[in-house]
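Have a look at the structure below, then the notes.
The values are calculated or read from the model by the stated rules, or taken from the named source; none is laboratory data. All of these numbers come straight from a predicted model, not from anything done at the bench. Every residue, glycine among them, receives a Cβ derived from its backbone with ideal geometry; neighbour counts consider all protein chains shown.
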Amino acid sequence: MSEKNFWKNVRNNLPLQMYRVENSCGKGMPDVHFIQGEKSGWIELKFLEKWPRDKINSGLTLNQSMWSKEYRKAGGLSYILLRIGREFTCLIIDSEALYNRPSRKEFMELISWGHEGDMKKSDWDLLASRITCQDYGWQKLADRLDCVINHQA
């Protein structure tokens, strides 16, 4: 699998209206814009062939990290969706911590939603709920508060 194939998998399975964005002008702008109901936001896709031995280098650039941080600070939804081989898929909010190449333990603490192995329809549905701040099963208290304060009536 590659990031291109990962995108095809996401596009075909994640139940959100999505648009792939290729932007050579705006440095750091994420790969995908999504819309569901009254929610919209951005997803940066990252793919690693296998688990790194030491620190997790996702390939996230400084511009991507800062774009996501500033967008969230302004009240927007912005995520990194990371796939590691065929073993693991996860959603991360803290782009700055991911950019700083966390250890595996630190990386696991960054995960807002995660799934081992291949994903079934129900897994994609849970991921969509998490992305649109509708599923609280995997969220930390701070994430829940962020959804309540910034994105829900």
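Scanning the stretch 90-101 for residues that are within 12 Å of Glu44 (Cβ to Cβ) and either aromatic (Phe, Trp, Tyr) or not in a strand (DSSP E or B) (or both) yields Ile93, Ser95, Leu98, Tyr99. The requirement of being without any contact (Cβ under 8 Å) to a residue 24 or more places away in the chain, exposed (fewer than 13 other Cβ atoms within 10 Å of the Cβ) and within 16 Å of the chain's Cα centre (by Cα) is fulfilled somewhere in the stretch 107-126, by at least one residue.
Can you find a residue in the stretch 73-89 that is touching a helix residue (DSSP H, G or I) at 6+ places or on another chain (Cβ under 8 Å), part of a helix (DSSP H, G or I) and not acidic (Asp, Glu)? No, that holds for no residue.
Residues checked against (1) crowded, with 21+ Cβ neighbours inside 10 Å; (2) over 15 Å from Ala128 (Cα atoms); (3) touching a strand residue (DSSP E or B) at 6+ places or on another chain (Cβ under 9 Å); (4) modelled with pLDDT of 95 or more:
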site: Cys25; (1), (2), (3), (4): no, yes, no, no
site: Met29; (1), (2), (3), (4): no, yes, yes, no
site: Gln36; (1), (2), (3), (4): no, no, yes, no
site: Lys39; (1), (2), (3), (4): no, no, yes, no
site: Ile43; (1), (2), (3), (4): yes, no, yes, yes
site: Pro52; (1), (2), (3), (4): no, yes, yes, no
site: Leu62; (1), (2), (3), (4): no, yes, no, yes
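Of all residues in the stretch 4-43, those satisfying the criterion of being under 13 Å from the mean Cα position of the chain (by Cα), farther than 18 Å from Leu126 by Cα and assigned to a strand (DSSP E or B) are Val32, His33.
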